[in-house]
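Throughout, read-outs are computed from the coordinates displayed, never taken from laboratory work. Note that the structure is predicted; figures quoted are calculated from it, not measured. Here the Cβ is made from the backbone with ideal geometry for all residues, glycine too, and neighbour counts use every protein chain on show.
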Amino acid sequence: MSTIAPQFRLSRFIGSLFDLIFWVILIFSLVGLPIVFIVLFYIKLPVINGQLMTPYLAMTWMADPSRTLPIVKNFMHTTIFKVMAFPGFGFAALLAAATIFVERKFLAKIQLRVGPLYCGKIEGILQLMGDGFKLMSKEIIIPAKADKPIFWMGPLLFVGAAGAFVSLIPVAPGWVVANPNVGLLAVFAVIGFFPIIAVLTAWAANSKWTFIGGLRALHQMVAFEIPLILSLLGVVILSGSLNLSQIVVSQEHFWWIAFLPIGAIVFFITILAELERVPFDLPEAESEIVAGWLTEFSGMMYGLIQLGTYLKLYAFAGLFTVLFLGGWNGPMVWPPFPQDIITQGITIGPVTAKFPGLPLFDQEMLNGTLWFVIKTVGVILLILLPRGVFPRVRIDMILHTGWYKLIGLAFINIFIALGLLYAGVLGPGGLLH
Amino acid sequence: MTTQLPPGMHLETVDDKIMTLNVGPQHPGSGHMRLIIKVDGDYIVSCDPDPGYVHRGEEKMAEYRNYIQNIPHLERPVIHDSSNILYPYCLGVEELLGIEVPERAKYIRVIAAELNRCIYILYWLAIYGIFLGHSTMFMWPAGDRELFIDLLEAMSGARVTHAYLVPGGVRNDLPSNFEERCLRQVEYFEKRLKEYEAVFYQNPLLKARTEGSGILSRTDAIRLGTTGSVLRASGVDFDVRKKEPYDVYENLDFQTIVMKEGDSYARSRVPYLEMFESCRIIKDALRKMPKSGSVRTKLKPNPKGGNDEVYRRVESGRGAIGYYIVSNNRPEPYRVKISVGSFRNLICMPYLLKGEKLGNMPAVYWGLNYWPVEADR
C-alpha cells in the first residue's frame with residue numbers, strides 16, 4: 001500500500017494537467033503577449049549589414065554557421081568561458097571525476113572486487129553522478145552550538161580556494177585563466193589558505209572530533225608546505241622564471257624531472273600530504289577521530305568539500321606536470337585540420353555546407369591539451385594508487401618525515417640545481433639551453 | 001550559590017589541558033562499547049573501557065532451557081566463532097551426562113573448530129586492516145573468509161550460526177566429497193595467506209606504526225590475566241590445545257605460536273601465524289580421521305544431569321573459553337557461567353593505552369583480540 005498519495009487517480013491527474021495548460025495559455029495570451037509587444041515597441045532594434053535586426057532575423061542567423069562560428073570563437077576567448085569551461089572549472093572537474101572513476105575500478109581490481117557496477121549500465125560509469133545527486137538530496141544538518149556563518153562559509157571558501165588554484169594551471173599555449181608573472185608564488189599563496197579553512201571550519205563546528213582533525217590538518221599542511229616550497233625552488237633556479245607558462249616553455253627540450261628527480265619525489269610526497277590522501281589521510285582517520293574536520297558536514301556541504309578536494313587533486317597533478325613533466329610539450333600527434341572542409345565545405349547529398357569560421361581550435365592547442373591531459377591523468381593515478389597498499393601513518397611520523405627528512409632532501413635538490421647552473425650546464429647561456 | 005552533592009559524590013576537577021573523548025558506542029572505531037579516553041594533546045592520559053551495551057543474559061537464559069535447547073543461543077555471542085564457543089559446553093555436558101563420543105565425531109569437531117577459528121581470525125584481520133587505514137587488507141580477508149564459510153555451510157547447512165557441535169558428537173555427518181574439497185580449499189588458502197605477508201605484515205609503514213607501541217611485558221600479561229594470542233604475543237607459551245588437550249588434539253601435529261616482543265605488531269601477527277597451524281591441523285585431521293562410523297551418540301529424551309558440577313575450557317580464536325556448569329538432577333542446568341577470553345583481554349586495555357598516542361589507539365584496541373559482544377555475553 002502506498003501511503004504517499006492514497007487518493008491518487010491517473011484520470012484526475014491528467015485532467016488537472018489539461019486545466020493547467022489551459023490557464024497558462026489563457027494568462028499568457030491575455031497578459032504576457034501584450035507586455036512583450038509593449039517592450040518591443042520601446043526597444044530600438046539595431047541595424048546590422050543594412051538589415052533591421054528583428055528577433056526573427058536573429059533566429060535565422062543562429063542557423064547560419066558562417067555567422068555563428070565567429071561568435072562562438074569569440075566567446076571561447078572570453079574570460080568567462082576560460083573560467084567556467086575549458087582551462088578552468090568544468091575541465092578540471094570533468095578530468096578529476098573521470099580519473100576518480102578509473103581509480104575506483106582500479107582499486108577494486110586490486111582488492112578482488114568489481115567496484116561500481118550498476119549505475120549507468122556500462123560498468124557503473126554514472127556512479128559519481130549518482131553520488132553527487134544523492135548528496136544534493138540530503139538534508140544539511142548544522143550543529144546547534146556551531147558558529148554558523150563560518151561553518152556555512154567553510155565549504156564555499158574551500159571550493160573557492162581550489163578554483164583559484166585551478167585557474168593558475170596552464171593547459172595549452174595561451175590557454176590559462178590567470179597568467180601572472182609570479183605564478184608560482186601565487187600557487188604558494190593559494191595553498192596557504194587550505195589549512196586556515198580547515199582550522200576555521202573545525203573550530204566553528206564546535207565538536208571535539210573536528211577540533212582534533214582540524215589541528216591535525218593544520219600540523220600536517222604546515223609541516224609539508226615548507227618542503228613543498230623548497231622542492232620547487234630547483235625548478236625556478238633552472239628555468240629562471242616564476243611564470244608557469246614560461247616554465248613550461250623552458251622544458252621544450254628536457255623535462256626538469258630528468259635533472260631534479262629528488263625534487264620531484266619530494267614534491268610528490270608533499271602532494272600526498274597536502275591532499276590528505278593515503279597514507280597521509282590522518283586528518284580524516286576514521287577509526288580514531290570519526291571523519292576528522294569533516295565530521296559535522298552533511299549533504300551538499302560535504303559534497304562541496306569533496307568537489308574542492310577533486311579540484312585540488314587536479315590542480316596539484318597539473319602543477320606536477322607543468323613543473324616537472326614538461327606541461328603541454330610533446331611530439332605533434334594531432335592530425336592537421338583538413339583544408340578542403342574550409343575551401344570546399346562538406347557535401348552531403350545535394351546540400352553543400354560551408355563553414356568559413358573553421359577551425360575552432362588550432363592544432364598546437366589541441367596537441368598541447370592532449371599531452372597535458374595524458375600526463376596529468378598519469379600523475380593523478382599515481383597519487384591515488386598508494387591507497388591500495390599503504391596503511392595510515394601516525395601524526396608524529398608524519399611530522400618527523402616533513403620537518404626532518406623532506407626538508408633535507410629538498411635542500412639537496414636545491415644544491416643540485418645550483419650546481420647545474422654554476423657549472424654552466426643548464427640555465428641561461430648554459431650548454432644544454 | 002553552592003549545590004549540595006549527595007554524600008559520596010564529588011565533582012570531577014577539570015583540567016584545561018585535558019580533553020575527554022567518548023569513543024563509542026557510535027564511533028566507527030569502537031565496536032559495541034565505549035572507551036572514555038582522556039587526552040593531553042596527542043597523548044592518552046587515561047582510558048576507561050565501558051562495555052555492556054550488548055549484554056543479552058546468555059547465562060540466565062541457559063538456566064531455563066534443557067541441555068540440547070541451549071545450543072543455538074549459546075553460540076550467539078560470537079556467531080563467526082560458533083563452533084569454538086560451543087565446544088566447552090559440549091565437553092562439559094558430555095562429562096555431566098556421561099556420554100561417550102564416537103571417534104569420527106571427535107575429528108569432525110576438531111575440523112569444524114579449526115575452520116571456525118580461521119573464519120574468526122580472518123574477520124578480525126579484516127577489521128585490523130581497516131582500523132589502520134589499509135583498505136586492501138580489509139577486502140582480502142573478508143573475501144577469503146568465504147572459502148571456510150562455504151566448507152562449514154556444506155558441513156552444517158548454515159553460513160554463520162552453525163549449531164553444529166552437540167553433546168554426543170556433531171549434528172550430522174560430512175557430505176560425500178567433503179575431504180577432497182576441504183583439502184583443495186585449504187591448500188589454496190595457504191597460498192593466499194602468504195600474499196598477506198607481503199602486502200601487510202612486511203609493509204614498512206605498518207611496522208613503523210605498530211612495532212614498539214602498547215608493549216605488554218611477560219609478567220604483566222600473566223598478572224593481568226590475559227589469554228590467547230595476547231598472552232602468546234608476550235612470550236608465554238600457553239595454549240589450551242597443548243596444555244589440556246581435549247578430543248583428539250594430542251594426536252595432531254601442530255605448534256604453538258609464541259612471540260617475545262609483546263607489542264602491537266606481535267599481537268597482530270600471532271593470530272595470522274596461527275592460521276597456518278590451523279590449516280596444518282585440518283589437513284592432519286582429514287588424514288587421520290576414520291573414514292566411516294557413527295558421528296553422534298544418541299541421547300535419552302530430556303537427559304538429566306546428576307548433582308554435579310564441571311568446568312571445561314578450550315582454546316578459541318580469542319583465547320581460552322571456559323564453561324562452569326552446575327546441575328541439580330534436573331533437565332536444565334542449575335547455573336552456567338561462561339568465562340570468555342575477550343573480557344579478560346579487555347582488562348589490560350587501560351594499562352596499555354596509558355601514555356600512548358591517540359593514533360595508536362585503534363592498533364592497541366583491536367590487537368587485544370577483543371570482541372565486545374562476547375565480553376558482554
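For the range B:179-193, backbone phi angles converted through the Karplus equation (6.51, -1.76, 1.60; θ = phi - 60°) give residue-by-residue couplings of 4, 5, 5, 4, 4, 5, 6, 5, 5, 4, 5, 4, 5, 4, 5 Hz, Gly and Pro being listed as x. Against chain B, whose longest principal axis is taken from its Cα atoms, helix B:103-131 shows a tilt of about 20°. Mind telling me which of A:56, A:118, A:310 comes out most flexible in a GNM of chain A, alpha-carbon contacts under 10 Å? Residue with maximal mean-square fluctuation among A:56, A:118, A:310: A:56. Let me make sure I get this right: for the range B:285-377, a, b and c are the square roots of the gyration tensor eigenvalues over alpha carbons, sorted descending. Under 1.5 in a/c it's rounded, otherwise prolate if a/b > b/c, else oblate. Which is it? Oblate. Against the main long axis of the alpha-carbon atoms of chain B, helix B:264-288 sits at an angle near 0°.
The modelled label-to-label distance for the pair residue B:159/residue A:298, using points 7 Å beyond Cα in the direction of Cβ, is 3.1 nm.
Any chance you could tell me what percent of the C-alpha pair distances in the range A:171-228 go past 16 Å?
It works out to 55 percent of all Cα pairs.
Here's the picture: a label point sits 7 Å out from the Cα of residue B:217 along the beta-carbon direction, and within the range B:331-375 the residues with their amide nitrogen under 19 Å of it are B:348-356.
Taking the three principal axes of the alpha carbon atoms in the protein assembly as shown, the coordinate ranges are 117, 86, 79 Å, sorted in descending order.
Can you give the Kirkwood hydrodynamic radius for the range A:13-61, in Å, rounded to one decimal and based on Cα pairs?
Radius from the Kirkwood sum: 13.4 Å.
Springs join every pair of Cα atoms under 10 Å in this Gaussian network model of chain A, and among A:285, A:423, A:217 the largest mean-square fluctuation is at A:423. Compared with the direct C-alpha span, the chain from residue A:358 to residue A:78 gains 99.0 nm at full extension, assuming 0.36 nm per residue. Against chain A, whose longest principal axis comes from its Cα atoms, helix A:148-166 is set at around 80 degrees. The average projected area of the range B:55-376, computed from the convex hull of its Cα atoms over all directions, is 15.4 nm². Using a 10 angstrom cutoff on alpha carbons, build the Gaussian network for chain B and name the most mobile of B:84, B:329, B:177. In the Gaussian network model the winner is B:177. Give me the percent of Cα-Cα pairs in the range B:1-99 that sit more than 23 Å apart, rounded to a whole number. Result: 56 percent of Cα pairs exceed 23 Å. Over every pair of different alpha-carbon atoms in the range B:51-165, take the mean of 1/r and invert it; report that Kirkwood radius in Å. 15.5 Å is the Kirkwood radius here. For the range B:193-322, the Kirkwood radius over C-alpha pairs fed into Stokes-Einstein at 25 °C and 0.890 mPa s yields D = 142 µm² per second. Annotation: extensible slack from residue A:22 through residue A:122 equals 31.8 nm (criterion: 0.36 nm per residue apart, minus Cα-Cα distance). Extending 7 Å from the Cα toward the beta-carbon at both residue A:156 and residue B:20 defines two label points whose distance is 3.8 nm.
Where only DSSP H runs of four or more residues are counted, the protein assembly as shown gives -16500 deg cm²/dmol as its mean residue ellipticity at 222 nm, each run worth -39500 (n - 2.57). With a ≥ b ≥ c taken as the square roots of the eigenvalues of the C-alpha gyration tensor of the range B:203-251, please select rounded if a/c is under 1.5 and otherwise prolate if a/b is larger than b/c or oblate if it is not? The shape class here is oblate.
The calculated pair-distance distribution of the range A:112-262 uses every alpha carbon pair, bins of 10 angstrom beginning at 0, and gives 9, 24, 25, 27, 13, 1 percent.
Between residue A:332 and residue A:254, the modelled label-to-label distance comes to 2.6 nm, taking each label 7 Å out from Cα in the direction of the beta carbon. For chain A, what does the alpha-carbon gyration tensor say about shape, rounded, prolate or oblate, given a ≥ b ≥ c as the root eigenvalues, a/c under 1.5 as rounded, and a/b over b/c as prolate? It is oblate, given that a/c is not under 1.5 and a/b is not larger than b/c. When +1 charges are put on Lys and Arg Cβ atoms and -1 charges on Asp and Glu Cβ atoms, the dipole computed for the range B:55-376 relative to its Cα centre reaches about 220 debye.
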